[in-house]
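The values are calculated or read from the model by the stated rules, or taken from the named source; none is laboratory data. All values reported here derive from a predicted model rather than from experimental measurement. Every residue, glycine among them, receives a Cβ derived from its backbone with ideal geometry; neighbour counts consider all protein chains shown.
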Amino acid sequence: MVNITQKVPTILLLSCLSSCSTNDFGTSAGSNQLTGTNWQLKAFEIVGDSTTPVQSGDTIYLYFETSNEVGGEALGLCQNYYSGFYLFTAPNGLSVDSLGTTEQGCLPGSRYFEFFHALDSVSSFDISEGMLYLYYAERARRLVLSVR
């Protein structure tokens, strides 16, 4: 006989996955450009202040699937993969959730884990002239990505 408490986490996870993949806001402006495109991290930016480019060799990729899955990989100074889910929360609003990553060590200079934690707190995005800007920290900071 199976204990019902062993099945509850699985049921809750499946329930969340089915509800997390829907969206009351439909598609946001730029969402067609966001999904199906491979992006590469170029810089971290404090909005209106300073931009810190990613070190050469610290290659971090990001992609958004139409199925509301987000993921990517880090190559070079770090060899990790990550994935999770995203939702459009309002026009140009974006929420990333349930992120997981492999945890291989990174060489000095890699900003992979800084990127990973920033991605987990993204609240909105803009796309302009082939660049993707992912805002976090109450829009005071952003990740700057280009088409791969």
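Assorted remarks:
- Residues that are of a type in the set (Gly, Ala, Ser) and either more than 17 Å from residue 123 (Cβ to Cβ) or not in a strand (DSSP E or B) (or both), drawn from the range 86-109: 100, 105, 109
- Within the range 112-148, the residues that satisfy the criterion of being in contact (Cβ under 8 Å) with a residue 24 or more places away in the chain and of a type in the set (D, E, K, R) are 114, 120, 126, 139, 141, 142, 148.
- So residue 91, is it of a type outside the set (Gly, Ala, Ser), modelled with pLDDT under 95, within 18 Å of residue 43 (Cα to Cα) and surrounded by fewer than 19 Cβ atoms within 10 Å (Cβ to Cβ): no
- Scope the range 80-97; condition under 10 Å from residue 69 (Cα atoms) and either polar (S, T, N, Q) or in contact with a Pro (Cβ under 9 Å, 6 or more places away or on another chain) (or both); matching residues: 83
- Selection status of residue 139, crowded, with 19+ Cβ neighbours inside 10 Å, more than 14 Å from the chain's Cα centre (by Cα), farther than 19 Å from residue 67 by Cβ and among the charged types (D, E, K, R): no
- Of all residues in the range 34-51, those satisfying the criterion of being without any contact (Cβ under 8 Å) to a residue 60 or more places away in the chain, over 19 Å from the mean Cα position of the chain (by Cα) and either surrounded by 12 or more Cβ atoms within 10 Å (Cβ to Cβ) or assigned to a loop (DSSP other than H, G, I, E, B) (or both) are 48, 49.
- Within the range 98-119, considering residues that are touching an Asp or Glu at 6+ places or on another chain (Cβ under 8 Å) and closer than 16 Å to residue 71 by Cβ, the one surrounded by the most Cβ atoms within 10 Å (Cβ to Cβ): 112
- Hey, residue 122 surrounded by 19 or more Cβ atoms within 10 Å (Cβ to Cβ), modelled with pLDDT of 95 or more and in a loop (DSSP other than H, G, I, E, B) or not: yes
- Subset of the range 56-85 [outside any loop (DSSP other than H, G, I, E, B) and either touching a Lys or Arg at 6+ places or on another chain (Cβ under 8 Å) or closer than 11 Å to residue 35 by Cα (or both)]: 58, 60, 61, 62, 63, 64, 69, 70
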